[in-house]
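The values are calculated or read from the model by the stated rules, or taken from the named source; none is laboratory data. None of the values given here were measured: they were computed from a predicted structure. When we count neighbours, we look across all protein chains shown, and the Cβ atoms used for this are built from the backbone with ideal geometry, even at glycine.
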Amino acid sequence: MTHVRYTQQALSPYKLPRLKRIATELDSYITDQAQAIAPEPLTIVEISFDHHEYYAGNQLIASISHDDSHLTQRWVVMINDKEVFRANTPMRCNRFICTHYKDGTLPMQEQEVTPCTTENQIMAHIFNECQNYGFEILDDGIYTHDTEDGKLRKLGQVGCTNGNWWVIQDSSGQQQYSNSVFDAVRSLSMVDVSTDGKSVFDEYFLDQPLEQLTGDKLQRLLERTELVTA
């Protein structure tokens, strides 16, 4: 779209009311052009506590990760699997990404990731979190070893669809959205498999008063309470 160009000579014959109308038209045109070329807002996806990905729409543009091997500047901005910036706080990395994305100087992320690679990355994130709890991943979901008989018991499933993490607890069968893979797997750790999918809280409130709980059940209750309040 083009707009009429006004020179000082062309505007000189006009009176104030006409000049105001022209100024209003120009302001509206400038606003429309600015909105047309302005970068779209970024979406931040928390993969884990120390890994965040930045998206413009469905396009990955950068990520922030934590580097334990560095003494001071442990937060790193990665684009195309290469380090482009390093700082001592994630906020400075965030400012770097947002500032350079807004002014168009952020290096371009190569969009060569295939759906298979994307799924592999999701499974890698889930696997890493499950390792923290000693869970096992089988074809149909996530399992844990029952503390009483040692058998594998299914906890549920964790996945990511269109950048949104979700969890399905086997006891409910309902899909619920989570803020991150960390939160999704952590919610499965709160399920007490020794009570057929009921939480220890359900077992206490529905079945017996606190003073009648056995030592093992009381210990599990205390452990789950720590997880919830942590």
Any chance you could count how many residues in the range 170-185 are hydroxyl-bearing (Ser, Thr, Tyr) and surrounded by fewer than 13 Cβ atoms within 10 Å (Cβ to Cβ)?
2
For the condition at pLDDT below 85, outside any helix (DSSP H, G or I) and closer than 28 Å to Val45 by Cβ, what is the one hit in Val191, Val228?
Val191
Among the strands (runs of 3 or more DSSP E) contained in the range 1-100, which hold 3 or more residues that are at pLDDT 90 or above and surrounded by 10 or more Cβ atoms within 10 Å (Cβ to Cβ)?
51-56, 59-66, 75-79, 82-87
Please verify whether the range 139-153 includes one or more residues that are of a type in the set (S, T, N, Q) and in contact with a helix residue (DSSP H, G or I) (Cβ under 7 Å, 6 or more places away or on another chain).
yes
